[in-house]
1. If I take every Cα pair under 8 Å that is 6 or more residues apart in the range 3-270, average their sequence separation and divide by the length, what percent do I get for the relative contact order?
2. Leaving out ligands and nucleic acids, and using a 1.4 Å probe, what accessible area per residue does the range 144-271 come to in Å²?
3. Can you give the relative contact order of the range 4-75 as a percent, counting alpha carbon pairs under 8 Å and 6+ residues apart?
4. For ILE222, what residues show an amide H to amide H distance below 5 Å, using hydrogens built from the backbone and excluding near sequence neighbours?
5. Please compute the per residue accessible area over the range 34-89 with all protein chains in place, 1.4 Å probe, rounded to a whole number of Å².
6. Say each of ASN119 and ALA57 gets a label point 7 Å from the Cα, pointing the same way as Cα to Cβ; how far apart are those two points in nm?
7. Name the residues whose placed amide hydrogens come within less than 5 Å of the amide hydrogen of LEU80, ignoring near sequence neighbours (fewer than 5 apart) on the same chain.
8. In vacuo Debye scattering of the range 91-224, one point per C-alpha: log10 I(q)/I(0) at q = 0.11, 0.12, 0.13, 0.17 Å⁻¹?
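The values are calculated or read from the model by the stated rules, or taken from the named source; none is laboratory data. Bear in mind the structure is a predicted one, so any value in this text is a computation, not a measurement. Here the Cβ is made from the backbone with ideal geometry for all residues, glycine too, and neighbour counts use every protein chain on show. The area values use the complete protein model at the heavy-atom level, side chains included, leaving out ligands, DNA and RNA. Shrake-Rupley method; radii C 1.70, N 1.55, O 1.52, S 1.80 Å.
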Amino acid sequence: MIKSCVTIALVPQITYGPWIFWNDLESSMEKASELGFDAIELFTPASDTIDQSELLALLAKHKLELAAVGTGAGKVIHGLTLTDPDPEIRKKAISFISDMIEFGAAFGAPAIIGSMQGNVLAGHDREKTLSWLAEALEILGEKAKKVDTFLIYEPLNRYETNLFNTLKTGSEFLETLNTKNVKLLADLFHMNIEETDLEDSIIAASQHIGHIHFADSNRKAIGLGHTAMDSVANAIKTSGYAGFISAEAFPEPNSKEAALQTIQSFNKYFR
Ligand code: LER
Ligand code: MN
């Protein structure tokens, strides 16, 4: 069954971005639960930000699942990426994500590699850079397997990465890896910029998709932009997707209304 999810940002250094709820874990979870969301996706500064037993108790209290954990703080706070030319930085990036994998795995949730994938930097070789990404995904994919979860790799739009921007190129890259434990994140906002046809892309990549970010063309809650969600939802359902559809969208006009708009859209298209 497809399940609804909403994002909560808990990184003090970041004060604005595409996350629906902000700063306060407990009140965000309370609101998510009241609106009928099935799950939350967390964006935290580190793997040890939230006490494990406290989160377990809150998830039980509010009848929510943890769908996934974001790793972007590794880049934003510490400047770490998996494709930095400096091997020491790559090592630290792998270690940061490895800890995040363990944090999520305690709740059955995978970690997401978005901005921590980095870029091919000016003056550097693309093939070499991709070999660093492959090396990291091999290690982290197998790490996730050991703790009974999977890893999520997210193609981003061209303004955020020059590695892979589409589901097709992302899928082809994953197919070159030995590990079969890395899945793809289909972020509808990035796809709106990069894909020729969202529906075709979703169907073609269906065996790789393990998570979906739910945002409209302008990265506001679904229904506030011009994405043709009817046909995108049909493609998601036809593809046999059975994971979380997670609102990674701006808190516009505010968190409460963005959350309400999201759950109404989710129910309209997926219930
Ligand atoms: C993360 O999920 C994402 O979509 C990125 O745009 C964040 O940099
Ligand atoms: Mn995303």
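1. Relative contact order, the range 3-270: 19 percent.
2. 43 Å²
3. Worked out over the range 4-75, it gives 36 percent.
4. Amide H to amide H, under 5 Å and 5 or more residues apart or across chains, ILE222 pairs with ASP216.
5. 44 Å²
6. Those two pseudo-labels are separated by 4.4 nm.
7. Under 5 Å from the amide H of LEU80: LYS75.
8. These q points yield log10 I(q)/I(0) values of -0.38, -0.46, -0.54, -0.92.
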